[in-house]
Structures are given as C-alpha cells and as structure tokens.
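Peer 1: Sharing a structure below in structure tokens format, with a few things to ask.
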Amino acid sequence: MRYCDWTSRIARSPWLERSAELEREFEAKDILAPTLNSLARAYRETGRPEEAEKILQEALSIGRELKDAPTEAATLAILVAWPWTAVKHRKRSPHCTNGLRVATDAAALTERGDNCQCLYLAHKAIGDGMTAVRYLEEYQVVQDSLENEKNARELTARDLLYTFGKEQLADSLRYAGERLQLESERTIESMRAGPEPQPCLGHRRWGVAAARGCRSLVHIRPEKKAGTP
C-alpha cells in the first residue's frame, strides 16, 4: 500500500467511527452496515484486524436482519478479503461461496465481483489453479458488465443533456422570434398612424410653421403707410 493511501485510511477512521456512533444512536441500520464495512477496511489496512473482524460480524448481522442481500454479500467479501493461507481458506472460503450465492440471487454485480475475487484468491492460495482460474474468469465477466453499465449510464446522461440543450435552444429561438414579430407589428402600427402634428409657433413679424403638418415659413411684412419711402 502506498504511504498516502495508508495515511488517508488513518485520517478517515475517526470520521467513520463517529458516523457509526451516530447511526447506532439513531438506529439507522440501513446505512450503518455500509459504514461498518468501510470502517473495517480502514481498520484492516492500518493494522487493526481484530477490530475489523468484530465490526464486520456486526455488519453481517444487520444485513441479514434487514434482508439486505447486497450489503450481506459485500460484508462476506470483505470478511475474507485478506492475505490467504491454506488454513484461512478452509476456515473462511465458505463465506466467499455464500456471499457469491447471495450476490448472484440479488443481481448485485459489484458484490458478486468482490466474492468472485475472494474465491479466486482463496483457491490460488492452496494451489487449486483450475478453480481459481474459473473464478477469475467470472470476475472478469462481472467487471465487463459493470463497465458496460457505466458506459450505458454515461451515454444516457449525454443524450438527456443533448435533448435538454436542444429544447432550451428551441425555446430561446421561439422567444426571440415572437419578440421580433411583436416589435415589427408595433413599428408598422406606428407608421400607419403617422407622425404627431407639431404646434405652429407665431411671432409678431414671422410666422413659423413646423415642417410636418403646418404651412411653410411665411415672411409677414407690415403694410407701408402712405408717404413712407
């Protein structure tokens, strides 16, 4: 294990422990078992196998009590996923077999893969190469199925995003078209109504008419008196 992974497990353990305490306090068993599984991994990878074993048994009991097959199968896989010896194989490989059965019945692909990997390692440890290869092949099939599911989800997400984007664009174009049409209609109505007449302004000597709707500019000269040059 890399040093950074190991330190990450150490740093995460207190948070997982606190989460488990709160979940026990509120009897949130449906989320407690997965938390215990994560905590067990952290314990094992930081040299606390006895504590890991204890909380895995608790997680296994919760999974069976709730009839939560995926959680039960995941716990069984973690319970035996540790450096293998012939003694451990004889003692614990039934957990792998049981976990694989539970995961297969529940169609839980991830947990099925975990238990296939456990059985592969178990049979490899005792030199049963043919059986080990069989479980390795099944493990690879499961991983391919998980990858296909992931790709299908990503493709569906992209299709949904593309469809949503097209709908948004269509709505924007429709709104812009309606606004342009409304502005055009207003302009046409304004042109039909014509310009508003401007008031004519007068002066003692000059009559000034506005260019629109009034008479032209007229220079009004006062009448000459008789005898005036």
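The values are calculated or read from the model by the stated rules, or taken from the named source; none is laboratory data. The model shown is predicted, which means the values in this text are computed figures rather than measured ones. Reconstructed Cβ throughout: ideal geometry from the backbone, glycine too, with neighbour counts over all protein chains shown.
Every residue, every condition in (1) closer than 29 Å to ALA106 by Cα; (2) over 31 Å from the mean Cα position of the chain (by Cα); (3) modelled with pLDDT of 90 or more; (4) small (Gly, Ala, Ser), yes or no:
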position: TRP15; (1), (2), (3), (4): no, no, yes, no
position: THR46; (1), (2), (3), (4): no, yes, no, no
position: LEU56; (1), (2), (3), (4): yes, no, yes, no
position: ALA86; (1), (2), (3), (4): no, yes, no, yes
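Listed here are the residues, each with its yes/no results for (1) loosely packed, with under 11 Cβ neighbours inside 10 Å; (2) under 21 Å from the mean Cα position of the chain (by Cα); (3) part of a helix (DSSP H, G or I).
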position: ALA103; (1), (2), (3): no, no, yes
position: CYS118; (1), (2), (3): no, no, yes
position: ALA132; (1), (2), (3): no, no, yes
position: TYR139; (1), (2), (3): no, no, yes
position: THR156; (1), (2), (3): yes, yes, yes
position: THR163; (1), (2), (3): yes, yes, yes
position: GLN181; (1), (2), (3): yes, no, yes
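Peer 1: Now, a different point. Which one of these is surrounded by fewer than 10 Cβ atoms within 10 Å (Cβ to Cβ), among the charged types (D, E, K, R), at pLDDT below 85 and on the phi < 0 side of the Ramachandran plot: GLU167, GLU189?
Peer 2: Result of the check over GLU167, GLU189: GLU189.
Peer 1: If you scan the stretch 20-41, which residues turn out to be assigned to a helix (DSSP H, G or I) and either in contact (Cβ under 8 Å) with a residue 60 or more places away in the chain or among the acidic types (Asp, Glu) (or both)?
Peer 2: Passing the criteria: GLU21, GLU23, GLU25, ASP30.
Peer 1: Would you point out the residue of the stretch 62-82, among those that are β-branched (Val, Ile, Thr) and modelled with pLDDT of 90 or more, that is surrounded by the fewest Cβ atoms within 10 Å (Cβ to Cβ)?
Peer 2: Residue satisfying both the conditions and the ranking: ILE62.
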